[in-house]
Amino acid sequence: MDTTPAPASRQPLALVMGASRGLGLLCASELLQHGHRVVLSSRSEESLAAARTQLLAEYPGAQVDIAPCDISDREAVLALVERVETELAPIEVLLTVAGIIQVGPATAMTFEHFDAALGTMLQGPINVTLPVLERMRGRGRGRIGTVSSIGGKIAVPHLWPYATAKHGAAGFSEGLRAELAGSGITATTVLPGLMRTGSHERATFTGNQAAEFAWFGPSASMPLLSMDAERAAEKIVSGVLSGDSHVILTPLAQVGMRVHGLVPELTVRMLALTGRFLPTGGPSETLEGREVQRRSPNRIVHALTTLGRRAAERTNERGA
């Protein structure tokens, strides 16, 4: 674990899982603005080091620690929480952002796709929340935020493993909220829609990869369909620190949830119809978005993902 010297007055410590790039990195930046010491964690030490360098350039003198860890590895997560609590400071804020996006038709999805999605986005939050919660209960305070997705409430076609894991994460977080009533600890369920983080470059695509990228990449990049990621991070951190029960981001997500709550049959039918217009078939190989772009350059898609590429540069999505 890479640490920086502690100042005379102790800052509250926030542990951010999935913080090396994208939304997690932006949330870590927002926590620094709120006066927190931040521990960044993700699988890649190289990517974490780049994220730390970026944050320290923005906030000279800030306390930013890195702790490589695979959130799906329970023993590694337990050891991480123990190290942070004993070597640094009590974890006052836990924010779990780690996620993977797998895009493709159901016919191309395998056990391995589901194992990876569930391990990162459902088992992962469980792995880190339980040991942190035990310590927070002893202190009688704490803030826990779990980033699910609008896909955790409404299953979008061609994101089947993702939707499955995010539904579980939303249920876990909402159940935790009910269990914590009156404890001094809060649990916030974050339900964002598409955000411009550059995630389309690190998402993986299977089936007809070029065609799948051609709908997902622009959707995650265009202003009317996706939300500015910096503004999303601001709202997420504010909601978690305030102890809100939910943070629902993007107008489409808010409208979609309301319609689904009132007439779920309608949204299911609409999404089923949408799925019929999405690509079918193709090879079973799985590729990252940036590799799909390299193999199948498309000028129109390139133009429509301009804002997404710019976001990727700002949020370390181009890193290791």
Unmet criterion (only one of (1) of a type in the set (S, T, N, Q); (2) surrounded by fewer than 18 Cβ atoms within 10 Å (Cβ to Cβ); (3) modelled with pLDDT of 95 or more) for Gln102: (2)
Could you say whether any residue in segment 300-318 is in contact with a helix residue (DSSP H, G or I) (Cβ under 6 Å, 6 or more places away or on another chain), acidic (Asp, Glu) and over 15 Å from Pro192 (Cα atoms)? yes
How do the pairs read when you match residues in segment 230-256 that are closer than 12 Å to Ala187 by Cα with residues anywhere that are in a helix (DSSP H, G or I) and open to solvent by 10 Å² or more (accessible area, probe 1.4 Å), using Cβ under 7 Å and keeping only pairs 6 or more apart or on different chains? Ser245/Arg177; Val247/Lys235
Can you name the residue in segment 239-283 that is farther than 21 Å from Gly104 by Cβ, polar (S, T, N, Q) and assigned to a helix (DSSP H, G or I) and is also least open to solvent (accessible area, probe 1.4 Å) among such residues? Thr267
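Residue by residue through segment 294-320, note down the ones that are more than 20 Å from Arg43 (Cα to Cα), in a loop (DSSP other than H, G, I, E, B) and open to solvent by less than 70 Å² (accessible area, probe 1.4 Å).
Within segment 294-320, Ser296, Thr305 meet the criteria.
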Which of the residues belonging to segment 217-227 are crowded, with 17+ Cβ neighbours inside 10 Å and either in contact with a Gly (Cβ under 6 Å, 6 or more places away or on another chain) or assigned to a loop (DSSP other than H, G, I, E, B) (or both)? Ala220, Ser221, Ser226
From the option list Glu291, Glu212, Glu230, single residue qualifying as part of a helix (DSSP H, G or I), closer than 30 Å to Leu180 by Cα, within 23 Å of the chain's Cα centre (by Cα) and of a type outside the set (Ser, Thr, Tyr) is Glu230
Please go through segment 220-247 and give me each residue that is closer than 20 Å to Thr146 by Cβ and of a type in the set (A, V, I, L, M, F, W, C), ordered by number. Met227, Ala229, Ala232, Ala233, Ile236, Val237, Val240, Leu241, Val247
Of everything in segment 130-186, what is surrounded by 20 or more Cβ atoms within 10 Å (Cβ to Cβ), small (Gly, Ala, Ser) and assigned to a helix (DSSP H, G or I)? Give them in sequence order. Gly151, Gly152, Ala163, Ala165, Ala169, Ala170, Ser173
In segment 136-169, residues that are closer than 18 Å to Val103 by Cβ, under 14 Å from the mean Cα position of the chain (by Cα) and aliphatic (A, V, I, L, M) total 3
If Thr107 passes every condition in (1) at pLDDT 95 or above; (2) surrounded by fewer than 23 Cβ atoms within 10 Å (Cβ to Cβ); (3) over 16 Å from the mean Cα position of the chain (by Cα) but one, which one does it miss? (1)
Residues being of a type in the set (S, T, N, Q) and either surrounded by fewer than 21 Cβ atoms within 10 Å (Cβ to Cβ) or closer than 14 Å to Glu92 by Cα (or both) - total across segment 28-56: 4
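The values are calculated or read from the model by the stated rules, or taken from the named source; none is laboratory data. Computed from a predicted model, the values in this text were never measured in an experiment. All Cβ positions, glycine included, derive from the backbone under ideal geometry; neighbour counts span all protein chains shown. For the accessible areas, the whole protein counts, side chains as well, though only heavy atoms, and no ligand, DNA or RNA atoms are used. Shrake-Rupley method; radii C 1.70, N 1.55, O 1.52, S 1.80 Å.
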